[in-house]
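Structure, as structure tokens:
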Amino acid sequence: MNVNDRQRTRISASISRLNVQPLANVNFSLSVGTVVPRDVRLQSLPTEVVEIVPQYRGYDFVLVKDEIVIVEPSSSKIVAVMPYSGRSTAAAPARTEQRKVTFSDRDREVIRKQAKARQVERERRTTGSTVRTEIRTGERVPEGVEIEAFPEEVYRDAPTLREYRYINRDSRTYIVEPHERRIIEEID
């Protein structure tokens, strides 16, 4: 069963809203055709996933580290393994890719002021080298990069930012849609 990238992202988002704890170690291969041992606790795929990929109706899944493992219940065989992006902020909308976000100049100014203060504080605490990662609007933030929530005073001054997070890189601030970890705007 072929699943495209967009479907994978939506499946991952749907599963992340379930707050299922991924397994850290398993004693079986994470590859299509492998039989999942009976002692592994499988969960039914949510209806939202079945709406995305109807041929998975009645199938189960298990999370292993950062992988979604989809299992045919009658044979306990793995039918698909796909990346899992992880935890969600449950309030995030399911169809963010179709929504155009616009921030006011005031929102941007609040972000700039706050980000600069945090950057100065961070530079005082940080020693050693930092990993450089190219970041562009529209791309996903790599899993190893920590996404931060704005302080409460930012939400008071710019309430439209409440559902977003941010990262700072090279004196720039990037607004992040946390559910899909996608950069939606760059503010310098």
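The values are calculated or read from the model by the stated rules, or taken from the named source; none is laboratory data. Because the structure is predicted, anything quoted here is derived from the model rather than measured. Using ideal geometry, Cβ is built from the backbone for each residue, glycine included, and neighbour counts are taken over all protein chains shown.
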Checklist outcome for this item: In the set VAL20, VAL35, VAL62, VAL3, the lone residue that is more than 16 Å from TYR84 (Cβ to Cβ) and in contact (Cβ under 8 Å) with a residue 12 or more places away in the chain is VAL35
Item to check | Enumeration of residues in the stretch 135-154 that are at negative phi and touching a residue at least 40 places away in the same chain (Cβ under 8 Å) | outcome: ILE135, ARG136, THR137, GLU139, ARG140, VAL141, GLU143, VAL154
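Got at least one residue in the stretch 98-106 being surrounded by 13 or more Cβ atoms within 10 Å (Cβ to Cβ) and either at pLDDT 90 or above or in a loop (DSSP other than H, G, I, E, B) (or both)?
Residues of the stretch 98-106 surrounded by 13 or more Cβ atoms within 10 Å (Cβ to Cβ): 103.
Now restrict to residues that are either at pLDDT 90 or above or in a loop (DSSP other than H, G, I, E, B) (or both): 103.
Yes: the stretch 98-106 contains one or more residues that are surrounded by 13 or more Cβ atoms within 10 Å (Cβ to Cβ) and either at pLDDT 90 or above or in a loop (DSSP other than H, G, I, E, B) (or both).
Looking for whichever is at pLDDT 80 or above and in contact with a Ser or Thr (Cβ under 7 Å, 6 or more places away or on another chain) here; the options are GLU146, GLU139, GLU185. Which one fits? Can you show your working first?
Details: GLU146 fails: in contact with a Ser or Thr (Cβ under 7 Å, 6 or more places away or on another chain); GLU139 fails: in contact with a Ser or Thr (Cβ under 7 Å, 6 or more places away or on another chain).
Unique residue meeting the criteria: GLU185.
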Checklist entry - In the set GLU67, GLU72, which member is at pLDDT 90 or above, touching a Leu at 6+ places or on another chain (Cβ under 7 Å) and charged (D, E, K, R)? => result GLU67
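Before we move on, is GLU134 at pLDDT 80 or above and of a type in the set (Asp, Glu)?
Taking the combined requirement at face value, the residue does not satisfy it.
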Checklist entry - In the stretch 109-128, is there at least one residue being modelled with pLDDT of 70 or more, part of a strand (DSSP E or B), over 30 Å from VAL20 (Cβ atoms) and touching an Asp or Glu at 6+ places or on another chain (Cβ under 6 Å)? => result no
